[in-house]
Amino acid sequence: MFKVFICGGSGYTGSELLRILALHDEIEITGVTSEKSAGMAVNELFPAFFIYSHLKFENLDIDKIKKKADIYFLALPHGKSQKIAASLLEAGKKVIDLSADFRIKDASCYEKWYKTPHLFPSLLNDAVYGLPEIYREKIKNASLIANPGCYPTSVILPLYPFIKKRIIEIDSIVVDSKSGTSGAGRKAEVTLNYCEVNEDFRAYNVAKHRHTPEIEQELSFAFGGFITIDFTTHLLPVNRGILSTIYAKLKKKISTKEALEILKETYENEPFVKVMDEGQVPSLKYVKGTNYCYIGAVVNERTDRLILISTIDNLVKGASGQAIQNMNIICGIEETKALKSLALTP
Ligand SMILES: NC(=O)c1ccc[n+]([C@@H]2O[C@H](COP(=O)([O-])OP(=O)(O)OC[C@H]3O[C@@H](n4cnc5c(N)ncnc54)[C@H](OP(=O)(O)O)[C@@H]3O)[C@@H](O)[C@H]2O)c1
């Protein structure tokens, strides 16, 4: 049994970790933190979690918590993970950070986009970007996982094989992504109130979303040269889910069938990437509650553009499911453990 601790268990990704880990028979949750709900039983805050009636939220006191587990999930706002991760690593623990704090390798780039200096730039090189489809071998031996962002997961997976194979013009990538409101976390914010979001649909952070440098970093690594993208995010009036539509000019003519074959070949052994058949594109309901990323592709022969459409659940493959997939890999547990049948309907 591996001992697991969740920092930030009262938030959306933290509670999603609790939901999925309830299905895992090779771990034991030894603690969970919340500052606002410290002292409360988990099922007092989340009545559906009656299985956790024995577990109480506690304050994030690093000296106390670092003795409690082998693996720590940090489901905290960005900027809050750095000191905690550094102390846990020093104590010889494994850390899976769901925030953006260790995703960007260049500390000055982190500072530019997150408006605060990185406190532990030396850890950025040690951190492994936790996208198993690309970094599985490195994840196996990592002590610090930078769990990918939700939008980046939905964008990098479909684009990766076409960039690797140099099939698209790299300066032509346009990404149009839409997310449900849980993407912004559980904290109160007027713009996320029911009446503001319901029956509306809007773009936000146009040309300045903080996931831009993360996506560009990973696409650039795949290409072996610097890539910039146009990335526009939208807020959907749904609880969960991300749908990304990606456009790129083709360098050489390929058909829709060939584009789909490239995706299928790349991901044929991947348990959580599903490539659609010709004529089909995925919707949010394909992935609700699950750890899957579905990808569809169409070549527009009139414009010589490749159009990729991907869907994920932002809280699962976009956060907590992927974090547990990483934990399974690190621990040498079957990678799909607790993650295969999570679907929610409707
Ligand atoms: N939501 C998503 O779809 C998603 C996807 C991928 C990655 N992420 C990333 O995952 C992280 C968590 O996101 P979330 O959506 O779960 O956020 P959230 O719902 O706002 O939850 C934040 C958690 O952090 C705790 N917390 C806040 N400030 C703290 C502090 N100063 N010290 C200690 N604990 C503190 C909160 O506890 P209290 O009970 O005290 O408030 C809560 O448990 C973020 O970095 C986010 O960017 C989110």
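The values are calculated or read from the model by the stated rules, or taken from the named source; none is laboratory data. No experiment lies behind these values; they were computed from the predicted model shown. Here Cβ is always computed from backbone atoms with ideal geometry, including for glycine, and neighbour counts include all displayed protein chains. Please note that ligands, DNA and RNA were not included when accessible areas were found on the heavy atoms of the full protein model with its side chains. Shrake-Rupley method; radii C 1.70, N 1.55, O 1.52, S 1.80 Å.
Tabulated values for the structure
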{"read-out": "3J(HN,Hα) from dihedral phi, the range 207-224, Karplus parametrisation 6.51/-1.76/1.60, rounded to Hz, x for glycine, proline", "value": "6, 8, 5, 5, 7, 4, x, 5, 5, 4, 4, 6, 5, 5, 4, 5, 7, x"}
{"read-out": "Stretchable slack from Asn205 to Thr245, in nm (0.36 nm times residue separation minus alpha-carbon distance)", "value": "12.7 nm"}
{"read-out": "Gyration tensor verdict on the range 159-228 (Cα atoms; rounded if a/c is under 1.5, prolate if a/b is larger than b/c, oblate otherwise)", "value": "prolate"}
{"read-out": "Overall form of the chain per C-alpha gyration tensor (a/c, 1.5; a/b vs b/c)", "value": "prolate"}
{"read-out": "Among 10-19, 101-110, the order from most to least packed when residues are scored by Cβ within 10 Å on average", "value": "10-19, 101-110"}
{"read-out": "Shape call, the range 150-314: gyration tensor on alpha carbons, a/c limit 1.5", "value": "prolate"}
{"read-out": "Choice from Lys66, Lys165, Lys317 with maximal GNM fluctuation in the chain (Cα, 10 Å cutoff)", "value": "Lys165"}
{"read-out": "Candidate aspartates and glutamates for bridging to Lys105, where Cα separation is under 16 Å - those fewer than 8 sequence places away on the same chain excluded", "value": "Asp97, Asp126, Glu214, Glu216, Glu218"}
{"read-out": "Theoretical ellipticity at 222 nm over the chain - DSSP helices of four or more residues, -39500 (n - 2.57) apiece, nearest 500", "value": "-8500 deg cm²/dmol"}
{"read-out": "Which listed pairs, of Lys3/Lys140; Lys252/Lys288; Lys178/Lys257; Lys3/Lys285; Lys112/Lys264; Lys93/Lys264, have C-alpha distances above 28 Å, in listed order", "value": "Lys252/Lys288; Lys3/Lys285; Lys112/Lys264; Lys93/Lys264"}
{"read-out": "Sulfur and carbon atoms: percent of accessible area, the chain [1.4 Å]", "value": "51 percent"}
{"read-out": "Scattering profile of the range 2-126 at q = 0.13, 0.23 Å⁻¹ [log10 I(q)/I(0), Debye over alpha-carbon scatterers]", "value": "-0.53, -1.32"}
{"read-out": "Those aspartates and glutamates that a straight Cα-Cα span of less than 20 Å connects to Lys340, excepting residues fewer than 8 apart in one chain", "value": "Glu16, Asp25, Glu26, Glu28, Glu133, Glu268, Glu270, Asp313"}
{"read-out": "Ordering of 270-280, 208-218, 38-48 by packing [mean C-beta count within 10 Å, highest first]", "value": "208-218, 270-280, 38-48"}
{"read-out": "Binned Cα-Cα distance frequencies in the range 285-327 - 5 Å width, integer %", "value": "6, 23, 20, 15, 12, 10, 9, 4, 1"}
{"read-out": "GNM result for the chain, Cα springs below 10 Å: residue of Val316, Val287, Val174 fluctuating most strongly", "value": "Val174"}
